[in-house]
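Before any comments, here is the structure.
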Amino acid sequence: MGDLVAPLEILGALLVLFGLVLALFILRRYLLARNGATFDCSVRHEYPRRASAWILGVARYGEDTLEWFRIFTVDPRPSRVFVRSQLFLVEWEQPAEQEINSILPGAVIVRCTYGDEKLDMAMTRSDYTGFITWLEATPPGIAPFSA
């Protein structure tokens, strides 16, 4: 019986640790959602020689920025911040057959440029409608053109 106690204690400690990490993920997602409008958004950067993999994340609208957070991290800071004036929509399309399992179900691929960088975002059609509206909007009190 004594040989069984140590492995059970280790298993119990691992389950408690797993529960704490899961609770941190849930708390982080809740805190992100309560501070502004958020939506599920996977991102893929296109590097000059190869396309990278899709990274699951959550995007949050700011007044003039789009903050993007990786899903599988407990870091409270955004992984990327996109300034609205430098983010341009190129096109949107349905995902290719090999992409369907890499992104969320029902998502469309939104091709953008951010400065010199090309990036793809995957989001639902309703989130795409909100995204394009946000891209085209100018917050009140901010001139759309600089003098």
Within the stretch 90-110, considering residues that are open to solvent by less than 50 Å² (accessible area, probe 1.4 Å) and in a strand (DSSP E or B), the one nearest to residue 39 (Cα to Cα): 107
From 71, 10, residue being open to solvent by 50 Å² or more (accessible area, probe 1.4 Å) and modelled with pLDDT under 90: 10
Filtered residues of the stretch 60-97 (kept if touching a residue at least 60 places away in the same chain (Cβ under 8 Å) and either touching an Asp or Glu at 6+ places or on another chain (Cβ under 7 Å) or over 19 Å from residue 115 (Cβ atoms) (or both)): 61, 63
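The values are calculated or read from the model by the stated rules, or taken from the named source; none is laboratory data. All values reported here derive from a predicted model rather than from experimental measurement. Quick reminder, even Gly has a Cβ in these numbers, built from the backbone with ideal geometry, and neighbours come from all protein chains shown. Accessible surface areas use protein heavy atoms only, side chains included; no ligands, DNA or RNA. Shrake-Rupley method; radii C 1.70, N 1.55, O 1.52, S 1.80 Å.
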